[in-house]
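The values are calculated or read from the model by the stated rules, or taken from the named source; none is laboratory data. Owing to the predicted nature of the structure, the values given are computational and were not obtained by experimental measurement. Neighbour counts are summed over all protein chains in view; Cβ atoms, including those assigned to glycine, are modelled from backbone coordinates with ideal geometry. Side chains included, ligands, DNA and RNA excluded: accessible areas come from the protein's heavy atoms. Shrake-Rupley method; radii C 1.70, N 1.55, O 1.52, S 1.80 Å.
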Amino acid sequence: MKYGYFDDDAREYVITRPDTPLPWINYLGSDGFFSLISNTCGGYSFYKDAKLRRITRFRYNNVPHDDGGRCFWIADGDAVWSPAFLPAKTPLDSYICRHGLGYSVFEGSKDGVSASLTVTVPRGTDAELSKLVLENRSGSEKRLSVYSAVEFCLWNAVDDSTNFQRNWNIGEVELEFSDGRSTVYHKTEYRERRDHYAFYSVNAPADGFDTDRDSFLGRFRGWSEPAAVERRTSFGSVASGWAPIAALRNDIVLAPGESKTLVYMLGYVENGEDDKFSAPGIINKEKAHAMLSAFDTPERFGAAMDELKAYWSKLLSRFEVRSGEEKLDRMVNIWNQYQCMVTFNMSRSASYYESGTGRGMGFRDSCQDLLGFVHMIPERARERIIDIASIQFADGSTYHQYQPLTKRGNADIGSGFNDDPLWLVACTCAYIRETGDFSILEEPTPFNNEPGSEVPLMEHLERSLNYTVTHRGPHGLPLIGRADWNDCLNLNCFSRTPGESFQTCSNFESGKAESVFIAGMFVKYGREYAELLERMGRNDEAAGMLASVADIEKAVLEHGWDGEWFRRAYDAFGRPVGSSENDEGKIYIEPQGFCVMAGIGGCEYGRRALASAERYLGNDFGLEVLSPCYTEYHEHLGEISSYPPGYKENGSVFCHNNPWVTLAYCRVRDGEGAFRLYTRNAPAYIEDKSEIHRTEPYCYSQTIAGRNARTYGEAKNSWLTGTAAWSFAAVSQGILGIRPDYDGLVIDPCLPGSMDGFELRRLFRGTRYEITVRRGENKGMTVDGRPVPGNKAPLTGASVCRVEVVI
Ligand code: BGC
Ligand code: NOJ
């Protein structure tokens, strides 16, 4: 069953009913100001950091799930309704939500009045804009009261939801009703140490306002039925402590056929320390005024929308395919790339599942997100790589996360995830292959952000790899540390204390627990690094690296191969994990993906490992993490066995690692296998199972409950997952086979029999490669009409390069 449809021409997903199984959200903004917005207009906004600069409140685990957010009520006679259904909950005569790239539109109507609400964050502006168009489609005059409200968060989202003895005393606002607009300024803590404020404004004189939440709502009421709205009035409350809000009322009269437009802005401003006040205690509002004037008419709003759309058209034109597979095209050309932008921006910080207060930017997460992003905005990717590398320690290990506002490593979680450093090699090599920018390797980059500790980025990569080489266990395999990619396989943590974090408890430093997965990573990325060295003419070092790679590859072949698949690890007592010797967790997916991608054991082992993965882990939605699931808690394995069977790391389809296997299929040249797996959980392919899958059909989720779960097929944790980047890599570089290389663009498709070819445009090093791939007798490649041996289209420097490939 579906709850909407894809409108590919508009690049929108159109939701046709408000009662989607879960809130289906969208992301607005891509620089500093970000908003999350659901299909009922719920959500929240923040500036750069969802923990430290939260602008509006959101109550996770609220009932109803999606209450609050930006609220609009239209009072028309006896009826009060909301264009996006919530918060009023009044049944509408019609409802539609269009989630587009960086904007959302809500169209609701009731009793002859239609409302069209468009919400966006304009490019380069720290504000969310909402344009509300009301039209009287009835035969008689309409007298409407239009209310709009937001609830401010007192900046630090953790404090805001915990420290009430203070919070309920500090809230402050300032009001300004002049120049034909009405603005509420939120200035809590501005009088002392903060130099930033927020504001909410409408581009018309308001007929009433409230800024104290409890006055506006009234006792025993929620956002669905504010007292002020019910009484068609405003109380003029001025917040002093408690919960500051901005609630504005505009009374409008619409003749039959007439329409009126209001433009609202929720903005964020930083003033210099010496520039905070225009008079004692009064905010200097200059910047807010400038922002407001820039968008105070429907025309200016329209221009911002046009600019946003042009921006996305340009970004997406860098990689566009026409394959005859409608769903593949819509994922590749629109939604998968869009999600890559979101994961690049957010890492795992803020969604409806990630509270934005726990995990900031993850080291491994952000490195992997870059794999799906480097082709879009290489300059931002470059900056991110340096930010990430700057939280590394001198011994090559690294902080696991950093806070986006401060860019400092997060000491609460610390380090010890032994896969982390290798991901830096992965993303840096990907960046250079995309851009040819070797100069990034010379960029002075500190350790742990300490001034004076800077070394060229290249040395960070070297130390990353060296960390693996020097941290190995009894079988010569890399030590796992607290965990590798699978955060829940905690082999050095023997936790008995309820609530103790499995990620930070390592009370059993065995010095023995090893990871076959990290070994696979090392073989793959060690080779990539060796190639990088060779390209720089550092052949001796390259040879040294290849010797280490061979060493670890040998260890995998001797101790990591179980007979029909790759083992997962060795535990703290030197016993295998993910082996036929185990009763549960006999086979894990991760090493099948990574060791086969790395080519360990060649196609022979690769095909056997993939056949085992399909046989034991395959379900309708992809490949599960492991099988059989753990049925009880195993202290020596950690969090993985804390999840009920079929959920999360204990046997769900953990979507992130599925594209590794898709790429592994490509590595052994199995186009059927690759495509089969790709289509099992690519959102557009399972749209018609939305009532089972439940999360948004236009983006990947982290997990889909496995066969052992009671809710088999149900996805959770949508949006912020490494699945986005890896799926894009799998489909673009594996199945379609378009791979950037240092000196050209490799075109090496691995298609299923059902696909005859495709046409593709790829912007690469300033040249638009127009590529046609088709099946035929005379196999080979021509570049601008001339036959070229091999499968790499050279760098031509021209603005366009035509490539024809016959497979
Ligand atoms: C989750 C993992 C996550 C980890 C760190 C665990 O509870 O299952 O998926 O990576 O927490 O936040
Ligand atoms: C989610 C985390 O963000 C990611 O870093 C980790 O690899 C996966 N969970 C698997 O545990």
inquiry  = Kindly evaluate Ala730 against the criterion of being away from ligand 2 (no atom under 16 Å from the Cβ), assigned to a helix (DSSP H, G or I) and open to solvent by less than 10 Å² (accessible area, probe 1.4 Å).
reply    = yes
All positions within the range 707-727 that are open to solvent by 10 Å² or more (accessible area, probe 1.4 Å) and either charged (D, E, K, R) or in contact with a Leu (Cβ under 6 Å, 6 or more places away or on another chain) (or both) = Arg707, Arg710, Glu714, Lys716
request  = Would you point out which residue out of Glu672, Glu649, Glu639 is under 23 Å from Trp565 (Cα atoms), within 16 Å of ligand 2 (Cβ to nearest atom) and open to solvent by 10 Å² or more (accessible area, probe 1.4 Å)?
outcome  = Glu649
request  = Among the residues of the range 135-179, write down those that are farther than 30 Å from Glu273 by Cα and loosely packed, with under 14 Cβ neighbours inside 10 Å.
outcome  = Gly139, Ser140, Glu141, Arg143
query = What pairs come up if the first residue lies in the range 752-769 and is more than 18 Å from Lys792 (Cβ to Cβ) and part of a strand (DSSP E or B), the second is open to solvent by 10 Å² or more (accessible area, probe 1.4 Å) and among the β-branched types (Val, Ile, Thr), and their beta carbons are under 6 Å apart, counting only those six or more places apart or on different chains?
reply = Glu759/Thr772
key: Criterion violated by Ala206 - all others in (1) over 19 Å from Arg57 (Cβ atoms); (2) out of contact with any Pro (no Cβ under 7 Å at 6 or more places or on another chain); (3) without any contact (Cβ under 8 Å) to a residue 40 or more places away in the chain satisfied   = (3)
message = The conditions are (1) more than 18 Å from Gln702 (Cα to Cα); (2) outside any loop (DSSP other than H, G, I, E, B), and Glu584 fails exactly one of them. Which is it?
response = (2)
query = Would you say Arg667 is open to solvent by 10 Å² or more (accessible area, probe 1.4 Å) and within 17 Å of Glu590 (Cα to Cα)?
reply = yes
query = Restricting the range 715-754 to residues that are within 18 Å of Gly780 (Cα to Cα) and among the small types (Gly, Ala, Ser), which is farthest from ligand 1 (Cβ to nearest atom)?
reply = Gly744
remark   = When every residue in the range 416-440 that is in contact (Cβ under 8 Å) with a residue 24 or more places away in the chain and among the small types (Gly, Ala, Ser) is compared, the one nearest to Glu514 (Cα to Cα) is Gly416
request  = Quickly run through the range 313-322 and pick out the residues that are open to solvent by less than 20 Å² (accessible area, probe 1.4 Å) and of a type outside the set (A, V, I, L, M).
outcome  = Phe319
task = Kindly provide the set of residues from the range 793-807 that are open to solvent by 60 Å² or more (accessible area, probe 1.4 Å) and in a strand (DSSP E or B), ordered by number.
result = Arg802, Glu804
Evaluation of Tyr353 against (1) open to solvent by 10 Å² or more (accessible area, probe 1.4 Å); (2) in a loop (DSSP other than H, G, I, E, B); (3) more than 12 Å from ligand 1 (Cβ to nearest atom); (4) not basic (Lys, Arg) (one fails), failing number = (3)
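Here is a yes/no grid of residues against (1) in a loop (DSSP other than H, G, I, E, B); (2) away from ligand 2 (no atom under 14 Å from the Cβ); (3) out of contact with any Lys or Arg (no Cβ under 7 Å at 6 or more places or on another chain); (4) open to solvent by 10 Å² or more (accessible area, probe 1.4 Å):
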position: Tyr311; (1), (2), (3), (4): no, yes, no, yes
position: Met331; (1), (2), (3), (4): no, yes, yes, no
position: Trp335; (1), (2), (3), (4): no, yes, yes, no
position: Tyr338; (1), (2), (3), (4): no, yes, yes, no
position: Asn345; (1), (2), (3), (4): no, yes, yes, yes
position: Asp365; (1), (2), (3), (4): no, no, no, yes
position: Met376; (1), (2), (3), (4): yes, yes, no, no
position: Arg382; (1), (2), (3), (4): no, yes, yes, yes
position: Asp387; (1), (2), (3), (4): no, yes, no, yes
ask   = Within the range 481-501, can one find any residue that is under 21 Å from Asn345 (Cα atoms), within 16 Å of ligand 2 (Cβ to nearest atom) and either acidic (Asp, Glu) or under 25 Å from the mean Cα position of the chain (by Cα) (or both)?
value = yes
key: Residue check, Glu777 assigned to a strand (DSSP E or B), in contact with a strand residue (DSSP E or B) (Cβ under 9 Å, 6 or more places away or on another chain) and more than 16 Å from ligand 1 (Cβ to nearest atom)   = no
ask   = Any idea which residue in the range 224-237 is nearest to Met291 (Cα to Cα), counting only those that are surrounded by fewer than 24 Cβ atoms within 10 Å (Cβ to Cβ) and of a type outside the set (Ser, Thr, Tyr)?
value = Gly236
inquiry  = Is it the case, given these coordinates, that Gly638 is closer than 30 Å to Glu604 by Cα and either within 16 Å of ligand 1 (Cβ to nearest atom) or touching a helix residue (DSSP H, G or I) at 6+ places or on another chain (Cβ under 7 Å) (or both)?
reply    = no
ask   = If we keep just the residues of the range 617-636 that are within 16 Å of ligand 2 (Cβ to nearest atom) and not in a loop (DSSP other than H, G, I, E, B), which is farthest from Glu500 (Cα to Cα)?
value = Gly622
message = Can you name every one of the strands (runs of 3 or more DSSP E) wholly within the range 46-147 that holds 2 or more residues which are free of Cβ contacts under 8 Å to residues at least 60 places away in the same chain and among the hydrophobic types (A, V, I, L, M, F, W, C)?
response = 79-81
Failed item, numbered, when Glu270 is tested on (1) open to solvent by 60 Å² or more (accessible area, probe 1.4 Å); (2) modelled with pLDDT of 95 or more; (3) farther than 24 Å from Lys51 by Cβ = (3)
key: Matching residues, the range 694-706, being open to solvent by less than 10 Å² (accessible area, probe 1.4 Å) and closer than 16 Å to Met1 by Cα   = Thr695, Glu696, Pro697, Tyr698
Test result for Phe277, open to solvent by 20 Å² or more (accessible area, probe 1.4 Å), among the aromatic types (Phe, Trp, Tyr) and farther than 18 Å from Ala127 by Cα = yes
message = Take the residues in the range 238-267 that are surrounded by 15 or more Cβ atoms within 10 Å (Cβ to Cβ) and in a loop (DSSP other than H, G, I, E, B); name whichever of them is farthest from the chain's Cα centre (by Cα).
response = Val238
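Every residue, every condition in (1) closer than 30 Å to Lys554 by Cα; (2) open to solvent by 50 Å² or more (accessible area, probe 1.4 Å); (3) assigned to a loop (DSSP other than H, G, I, E, B); (4) within 16 Å of ligand 1 (Cβ to nearest atom), yes or no:
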residue: Val425; (1), (2), (3), (4): yes, no, no, no
residue: Leu465; (1), (2), (3), (4): yes, no, no, no
residue: His475; (1), (2), (3), (4): yes, no, yes, no
residue: Trp485; (1), (2), (3), (4): yes, no, yes, yes
residue: Cys488; (1), (2), (3), (4): yes, no, yes, yes
residue: Leu491; (1), (2), (3), (4): yes, no, yes, yes
residue: Phe494; (1), (2), (3), (4): no, no, yes, no
residue: Thr497; (1), (2), (3), (4): no, yes, yes, yes
residue: Phe502; (1), (2), (3), (4): no, no, yes, yes
query = Yes or no: Arg98 basic (Lys, Arg), closer than 29 Å to Trp312 by Cα and surrounded by fewer than 23 Cβ atoms within 10 Å (Cβ to Cβ)?
reply = yes
